[in-house]
Amino acid sequence: MKKEKVTCKEVMRHICDTLGEDLQSDRCEDIRKHLEECSGCQNYFKTVEITIDYYKKYNVKLPDGAHERLMKFLDLEDCD
Amino acid sequence: MDDKELILKAQQGDKKALARLVKEYEQTIYNFAFKICRDKNKAEHIMQETFYSFVKSLHQFDGKSKLSTWLYRIVSNHCLMLARKMKNRPFVSMDDDDGLFEEKYAVDWTTLPYKSAENEELKKILDNAISKLSPEYRMVFLLRDVEGLSTEETAQVTELSVPAVKSRLHRARAFLRKELNEAFQG
């Protein structure tokens, strides 16, 4: 039986599943090959990584006084 | 003194050891709560409730999992409880994810002016995109991809099966990427 050609949609799904890891099986080998040759899918992969990176770097600091309020709330202000 | 020693001392009633544990994890817990609820006041409230639950149940902690995993579990529960109280907020449905993999706009992300996540305009875009996800999807994405827990640890924290974690993660990644792509298109 003829193997079906890998589509961009399948590659995109795979990227969201594994972020490019776990490319061992026969089908994954086809996906890896597609990814090497398709600039659209390469771009998709990069932008998924950037999306995750943006959220990783978006952090907030504890507001002023929040630590003291927490210690008081827990009745631990004498132990600080 | 490491976490294990501090926990043991805290379990024996040493309040200074307990205070040190709280201080060590307060920033992580606050940051995570903010990332789920996207509101500073709510995040502080959740942080307080999380540590209150932590203190109350400390005697039950058996050290089989990491303390951080245990705290993520408590904070996740408090975030979900708060989200369920505000249940009139509509979230995007993830039942059919086919549309997530269709590109409507070709945007070159390399030309974007956002070099860091400190950019206020980018923060708004990020807030807006993740707010459309239900807290259950947000939780999995943040625990696994942002906080760096393993898939198994994420499953443990969220009380989901590993395949359920993978499925939610896959959709959340695709959804957020699509939302950002559309926002960048302007």
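Regarding region B:11-20, can at least one residue be identified that is assigned by TED's automatic domain parsing to the domain that holds B:K66 and on the phi > 0 side of the Ramachandran plot?
Yes: region B:11-20 contains one or more residues that are assigned by TED's automatic domain parsing to the domain that holds B:K66 and on the phi > 0 side of the Ramachandran plot.
Filter region B:142-168 for residues that are among the charged types (D, E, K, R) and more than 21 Å from A:Y54 (Cα to Cα) and give the result.
B:E152, B:E153, B:E159
Taking B:D127 and the conditions (1) touching a Lys or Arg at 6+ places or on another chain (Cβ under 9 Å); (2) crowded, with 16+ Cβ neighbours inside 10 Å; (3) farther than 21 Å from A:C41 by Cβ, which numbered condition does it fall short on, given that it satisfies the others?
Among (1) touching a Lys or Arg at 6+ places or on another chain (Cβ under 9 Å); (2) crowded, with 16+ Cβ neighbours inside 10 Å; (3) farther than 21 Å from A:C41 by Cβ, B:D127 violates only (2).
Exactly one condition in (1) closer than 23 Å to B:G99 by Cα; (2) surrounded by 13 or more Cβ atoms within 10 Å (Cβ to Cβ) is false for A:K5; which is it?
Here A:K5 meets the rest and fails (2).
Any chance you could count how many residues in region B:21-43 are within 9 Å of chain A (Cβ to nearest Cβ), touching a Phe, Trp or Tyr at 6+ places or on another chain (Cβ under 9 Å) and not β-branched (V, I, T)?
Within region B:21-43, residues that are within 9 Å of chain A (Cβ to nearest Cβ), touching a Phe, Trp or Tyr at 6+ places or on another chain (Cβ under 9 Å) and not β-branched (V, I, T) number 4.
If you check every pair at least six apart or on different chains, which have Cβ atoms under 9 Å apart with a residue in region B:46-66 that is free of Cβ contacts under 8 Å to residues at least 12 places away in the same chain first and a residue that is of a type in the set (K, R) and part of a helix (DSSP H, G or I) second?
What qualifies is B:Q48/A:R69.
Listed residues A:K33, A:K5, A:K61; which is more than 7 Å from every other protein chain (Cβ to nearest Cβ), under 30 Å from A:C79 (Cα atoms) and among the charged types (D, E, K, R)?
A:K61
Quick one: would you say A:I50 is more than 8 Å from chain B (Cβ to nearest Cβ), assigned to a helix (DSSP H, G or I) and not small (G, A, S)?
no
Can you find even one residue in region B:82-96 that is within 14 Å of another protein chain (Cβ to nearest Cβ), within 25 Å of B:E152 (Cα to Cα) and in contact (Cβ under 8 Å) with a residue 24 or more places away in the chain?
Yes, region B:82-96 contains at least one residue that is within 14 Å of another protein chain (Cβ to nearest Cβ), within 25 Å of B:E152 (Cα to Cα) and in contact (Cβ under 8 Å) with a residue 24 or more places away in the chain.
Out of all the residues in region B:108-117, is one or more in contact (Cβ under 8 Å) with a residue 24 or more places away in the chain and either assigned by TED's automatic domain parsing to the domain that holds B:S134 or over 21 Å from B:A155 (Cα atoms) (or both)?
yes
Taking the options A:R32, A:R27, name whichever one is at pLDDT 85 or above, farther than 30 Å from B:T50 by Cα and surrounded by 12 or more Cβ atoms within 10 Å (Cβ to Cβ).
A:R32
Only one of (1) part of a helix (DSSP H, G or I); (2) at pLDDT below 80 fails for B:K178. Which number is that?
Only one criterion is unmet by B:K178, namely (2).
The values are calculated or read from the model by the stated rules, or taken from the named source; none is laboratory data. What you see is a predicted model, and the numbers here were worked out from it, not measured in a lab. Cβ: placed from backbone, ideal geometry, glycine included. Neighbour counts: every protein chain shown.
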